[in-house]
Amino acid sequence: MDIKNAMYLFDLENGDIIGVDEAGRGPLAGPVVAAVAKLKKYDEKLEKINDSKKLSEKIREELFDIIMENFYIGVGIADVNEIDEINILNATFLAMRRAIKQIEKEVSFEKVLVDGNHKIREYDGEQLPIVKGDSKSLAIAAASIIAKVTRDRMMLETAKIYPEYVFEKHKGYGTKAHREIILEKGPIEKIHRKSFLKKILGE
């Protein structure tokens with residue numbers, strides 16, 4: 001039995017679940033995006049699903065449509081202002097709660113499998129944190145791909161508005177090139193996370 005089927009079985013063993021993951025906790029710019037996923041029906045096309053960080057951008061884009069067809073999906077976003085106001089961890093939990101609220105309108109579930117070692121703060125439902133959950137749970141892995149592709153697409157739109165910051169290349173992450181652009185041109189209001197730039201700007 002291959003690892004992808006094992007991920008599906010892992011979810012079955014945990015009962016009536018949804019999986020939740022996020023993208024964008026580390027970047028210097030852009031929102032944090034969370035997604036939740038609940039499988040409708042297992043299909044062999046889902047066997048390519050894995051932790052989004054282990055997949056190429058091309059494969060993630062291909063899987064995005066397959067996941068949208070075969071899973072119930074909820075997406076939640078916390079913007080840069082919220083990240084700066086309540087810190088990135090709390091903003092991540094906020095995005096996750098928003099994603100869960102969205103999927104609740106469409107489908108019921110009994111338990112949330114959360115990628116990582118933290119329970120979602122201020123969420124009262126049953127939940128189970130799973131370290132490296134995006135390589136163990138099919139639902140978490142699907143959510144990780146949806147969150148990553150959604151966020152990347154948002155950053156590509158930002159790149160069109162601010163072409164000189166080349167967001168299409170770094171997606172807001174703190175690459176050497178991105179840091180140099182920030183030092184040269186300054187941060188963009190409502191795009192860059194002020195709380196993440198203090199060391200770079202020497203504040």
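Taking all Cα pairs closer than 8 Å and separated by 6 or more residues, the relative contact order of the chain comes to 31 percent. Spatially close Lys pairs in segment 5-72, defined by Cα atoms under 22 Å apart and a spacing of eight or more places or different chains, total 8. Given the -39500 (n - 2.57) contribution per DSSP H run of 4+ residues, what per-residue ellipticity at 222 nm results for the chain, rounded to the nearest 500 deg cm²/dmol? Helix-only estimate at 222 nm: -13500 deg cm²/dmol. For segment 161-203, the number of Lys pairs separated by eight or more positions or lying on different chains, with C-alpha atoms closer than 20 Å, is 16.
When each full DSSP H helix of the chain is screened for a Cα extent of at least 27 Å along its own axis and an average Kyte-Doolittle hydropathy of at least -1.0, the helices passing are 138-161. For the chain, modelled as a GNM with alpha-carbon contacts under 10 angstrom, which of 149, 166, 33 fluctuates the most? Evaluated over the chain, the most mobile residue of the options is 166. Between the alpha-carbon centres of segment 1-67 and segment 131-166 there is a gap of 11 Å.
If you roll a 1.4 Å probe over segment 47-203 with all protein chains in place, what percent of the accessible area is carbon or sulfur? Roughly 51 percent of what the probe reaches on segment 47-203 is carbon or sulfur.
To the nearest 0.05, how large is the calculated FRET efficiency for residue 66 and residue 188 if R₀ is 45 Å and r is the Cβ-Cβ distance? After rounding to 0.05, the efficiency reads 0.85. Between amide H atoms placed 1.01 Å from N, distances below 5 Å from residue 127 occur with 112, all of them 5 or more places distant or on a separate chain.
How would you classify segment 1-88 from its alpha-carbon gyration tensor, with a ≥ b ≥ c the square roots of the eigenvalues: rounded for a/c under 1.5, else prolate if a/b is greater than b/c, otherwise oblate? Because a/c hits 1.5 or more and a/b exceeds b/c, segment 1-88 counts as prolate.
Among [x] 31, 19, 13; [y] 37, 20, 17; [z] 22, 21, 16, only one was calculated for this model; which label is it, if the read-out is semi-axes √(5λ) of the Cα gyration tensor in Å? Step by step, semi-axes √(5λ) of the Cα gyration tensor in Å for this structure corresponds to label [x]. The residues of segment 62-203 have, on average, 52 Å² of accessible surface per residue, using a 1.4 Å probe with all protein chains present.
Among 137, 18, 89, pick out the residue whose Cα is farthest towards the positive end of the charge dipole of the chain, where Lys and Arg carry +1 and Asp and Glu carry -1 on C-beta, about the Cα centre. In the chain, that residue is 89. Summarising the strand pairing of segment 24-179, around 65 percent of its internal DSSP beta bridges are antiparallel.
The values are calculated or read from the model by the stated rules, or taken from the named source; none is laboratory data. None of these values were measured; they are calculated from a predicted model. Neighbour counts are summed over all protein chains in view; Cβ atoms, including those assigned to glycine, are modelled from backbone coordinates with ideal geometry. What goes into the accessible areas is simple: the full protein's heavy atoms, side chains included, and nothing from ligands, DNA or RNA. Shrake-Rupley method; radii C 1.70, N 1.55, O 1.52, S 1.80 Å.
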